[in-house]
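**Student:** Sharing a structure below in structure tokens format, with a few things to ask.
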Amino acid sequence: MENVLVIKGHFMFTPTPETFAVYENSCLVCVDGKIEGIYPTLPDRFKGGTVHDYGNRLVIPGFVDLHLHAAQFLQCGIGMTHRLLDWLGDYTFDLERRFQDRGFAREAYTCFADKLLACGTLRACIFASSSTAGTQELFEVLKEKGIGAYVGKVNMDTNAPDFILETTQASLEGTKYLIETYGDEQRVKPIITPRFAPTSTQALLKGLGDLAVKYQLPVQSHLAENPDEIQWVRNLFPGAKNYSDVYFKHNLFGQTKTVMAHGIFLEAEERALVKQMDLMLAHCPDSNINVRSGIMPVRSYLDMGIRVGLGSDIGGGHKIGLNEAMVRAIQLSKILNLANGELNPLSVSEAFYMGTKSGGSFFGKTGSFEKDFWFDALVLEDDVMIANRYSPKDRLEKFIHTGDDRNICARYVEGEKL
Ligand SMILES: [Zn+2]
């Protein structure tokens, strides 16, 4: 017996980046968690299904965060006068060390997951810490909450304080253990996660690439975030053509599905490789500004046909709500436009697309309300005066710019109300 769910309300989503699709006062039908269609009136064949009537409220796709660090959630907003490499050394590594303690990990990851879900992120690519036991707690917490995620134990075996490093062998064995424990999960799955090239030996990168290929697992890491970091990579890997080549040579650059955070300073050859290997880039505007890395030339990447999604990059980013990342992405694109009039700023629909359908494509069919997509959705609650005065499109634009978890009154993942 199939499970029919009927949602009533105003539906908005972005099938393409250019514009919002708007269905006012309509019925969305989902069957076994997947969208069947949106209808002005409910077809007879679906009568008898469960109805959730949201009246005058907006229903939008759930947010997809392509890059954030669960083990840094507690430090959000702290150390924001530092630049990337100092910030890691002075704040981040010491906090991540605490996640070797399972009790601490469970408590901190529960705070993280509750806030993530409250703010409307229903799918995410998440870095945990280098602790295998701590990362296992994150898998368990996310499973309990119902959030869809790729979770990575952070692999690092060099160039960081000893208290957070593992031997190459321990790092690979811990990763393999998590793959074997969680590889068959439906909603919370493992992802290969070298922290970034500088904290990896060649042996570690090779071992991780081998695991990605053997188990056909996705990969996430950091790429070309900051000029000092890029110079460091050049010094550490003199045989590589560029930063991207360090990953590419080790089967960690699109040989399986790959998302790289930042990619702000890519050489022409690297941009071409990103496109050729169909990589996803995670644009993390808050974090790029907070630790003064730079501004991603998003418009140039989109014009090339490179796939770009959004990341909050907690705790380099200070706000976990992905609508905040949409706004910051638009603002930074306006700054680039002021410097170079040929780079048109991002529109609201483009930013929304990046944070829903584009990012969602990393997880399969999610982030839109087209047929056969998973019904991953948020229901928005406006102030009555706003709801009565403005069109759905204006209301959504207002939510993106000014809304937060208090404006989200229901969340669905795969048709299941959380
Ligand atoms: Zn990051």
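**Student:** Using a probe radius of 1.4 Å on heavy atoms only, what accessible surface per residue do you get for the chain? Whole Å² is fine.
**Tutor:** Values: 16130 Å² over 418 residues.
On a per-residue basis, the chain sits at 39 Å².
**Student:** Using a 1.4 angstrom probe on heavy atoms only, work out the carbon and sulfur share of the accessible area of the range 1-120 in %. Could the numbers behind the result be given before it?
**Tutor:** Details: 2610 of 5260 Å².
Answer for the range 1-120 is 50 percent, counting heavy atoms of protein chains only.
**Student:** Using Cα pairs closer than 8 Å and at least 6 residues apart in sequence, work out the relative contact order for the range 100-170, in percent. Each step should come with its number before you reach the end.
**Tutor:** Values: 81 pairs, mean separation 23.3, N = 71.
For the range 100-170, the relative contact order is 33 percent.
**Student:** While we're looking at this one, here's another question. Given the convex hull of the Cα atoms of the range 3-138, what is a quarter of its surface area in nm²? List each step's numbers first, then the result.
**Tutor:** Working: hull surface 46.6 nm².
Average projection, Cα convex hull of the range 3-138: 11.6 nm².
**Student:** What whole-number value in cubic angstrom gives the convex hull volume per residue for the C-alpha atoms of the range 302-418? Could you put the intermediate results ahead of the total?
**Tutor:** Working: hull volume 17.0 nm³, N = 117.
Enclosed volume per residue, from the Cα hull, is 145 Å³.
**Student:** Over the range 136-219, with every protein chain in place, what whole percent of the accessible area is carbon and sulfur at 1.4 Å, could you tell me? Let's see the in-between values first.
**Tutor:** Working: 1470 of 3110 Å².
For the range 136-219, the apolar C and S fraction of the accessible surface comes to 47 percent.
**Student:** Does the range 61-189 come out rounded, prolate or oblate by the C-alpha gyration tensor, with a ≥ b ≥ c the root eigenvalues, rounded set by a/c under 1.5 and, if not, prolate when a/b is larger than b/c and oblate if not?
**Tutor:** Details: a/c = 1.84, a/b = 1.14, b/c = 1.61.
Taking the square roots of the gyration eigenvalues as a ≥ b ≥ c, the range 61-189 is oblate.
**Student:** Relative contact order (percent) for the chain, with alpha-carbon contacts under 8 angstrom and 6 or more residues of separation? Walk me through the intermediate numbers first.
**Tutor:** Numbers: 918 pairs, mean separation 87.1, N = 418.
Over the chain, the number comes to 21 percent.
**Student:** Rounding to the nearest 10 and keeping the result within 0 to 90°, find how far the Cα-based axis of helix 102-118 lies from the longest principal axis of the chain.
**Tutor:** 40
**Student:** Around Met385, with a cut-off of 14 angstrom between Cβ atoms, what is the net charge of the other residues, counting Lys and Arg +1 and Asp and Glu -1? Don't skip to the answer; put the middle values down first.
**Tutor:** Values: positive: Arg389, Arg395, Lys398; negative: Glu381, Asp382, Asp383, Asp394.
Net of charged neighbours comes to -1.
**Student:** Net charge near Ile230: determine it from the other residues with C-beta under 11 Å of the C-beta of Ile230, scoring Lys and Arg +1 and Asp and Glu -1. Please report the intermediate quantities before stating the final value.
**Tutor:** Numbers: positive: Arg234; negative: Glu225, Asp228, Glu229, Glu267, Glu270.
Once all neighbours under 11 Å are counted, the net charge is -4.
**Student:** What aspartates and glutamates does Lys275 reach when the alpha-carbon gap must be under 17 Å and sequence neighbours fewer than 8 apart in one chain are set aside?
**Tutor:** Reachable aspartates and glutamates: Asp245, Glu267, Asp303.
**Student:** Normalised by the empirical 2.2 N^0.38 Å for globular proteins, what value does the Cα Rg of the chain take?
**Tutor:** Values: Rg = 21.0 Å, N = 418, 2.2 N^0.38 = 21.8 Å.
Relative to the rule-of-thumb radius for its length, the chain sits at 0.96.
**Student:** Next question, about the same structure. First select every other residue whose beta carbon is under 14 angstrom from the beta carbon of Asn3; then total the charges, Lys and Arg +1, Asp and Glu -1.
**Tutor:** Details: positive: Lys34, Lys417; negative: Glu2, Asp32, Glu36, Glu414, Glu416.
Counting the neighbours of Asn3, the net charge comes to -3.
**Student:** Please turn the phi angles of the range 198-208 into ³J(HN,Hα) values with the Karplus equation 6.51 cos²θ - 1.76 cosθ + 1.60 (θ = phi - 60°), one per residue in order, whole Hz, x for glycine and proline.
**Tutor:** x, 9, 10, 7, 4, 5, 5, 4, 5, x, 5
**Student:** How large is ³J(HN,Hα), in whole Hz, for each residue of the range 402-410 in order, when computed from phi with the Karplus curve 6.51 cos²θ - 1.76 cosθ + 1.60 and θ = phi - 60°, using x for Gly and Pro?
**Tutor:** 10, x, 7, 4, 5, 9, 9, 9, 7
**Student:** For the chain, set up a Gaussian network in which alpha carbons nearer than 10 Å are linked by springs, and say which option among Phe163, Phe196, Phe362 fluctuates the most.
**Tutor:** Its mean-square fluctuation being the largest, the pick is Phe163.
**Student:** Divide by every residue of the chain the summed helix terms, -39500 (n - 2.57) for each DSSP H run of at least 4, and state the resulting mean residue ellipticity at 222 nm, rounded to the nearest 500 deg cm²/dmol.
**Tutor:** Values: 15 runs with 148 residues, N = 418.
Rounded to the nearest 500, the figure is -10500 deg cm²/dmol.
**Student:** For Lys189, what residues show an amide H to amide H distance below 5 Å, using hydrogens built from the backbone and excluding near sequence neighbours?
**Tutor:** For Lys189, the qualifying residues are Ala149, Tyr150, Val151.
**Student:** Let me ask you something else. Can you list residues from other chains, or at least 5 along the same chain, whose modelled amide H is less than 5 Å from the amide H of Arg307?
**Tutor:** Leu281
**Student:** Evaluated at 25 °C with a viscosity of 0.890 mPa s, what Stokes-Einstein diffusion coefficient in µm²/s does the range 259-349 have when Rh comes from the Kirkwood expression over alpha-carbon pairs? Walk me through the numbers on the way to the answer.
**Tutor:** Values: Rh = 13.2 Å.
Rounded, D is 186 µm²/s.
The values are calculated or read from the model by the stated rules, or taken from the named source; none is laboratory data. Just so it is clear, the model here is predicted, and its values are computed rather than measured. Cβ sites come from the backbone with ideal geometry, for glycine too, and all protein chains shown count toward neighbours. These area figures cover heavy atoms from the full protein model, side chains too; ligands, DNA and RNA do not enter into them. Shrake-Rupley method; radii C 1.70, N 1.55, O 1.52, S 1.80 Å.
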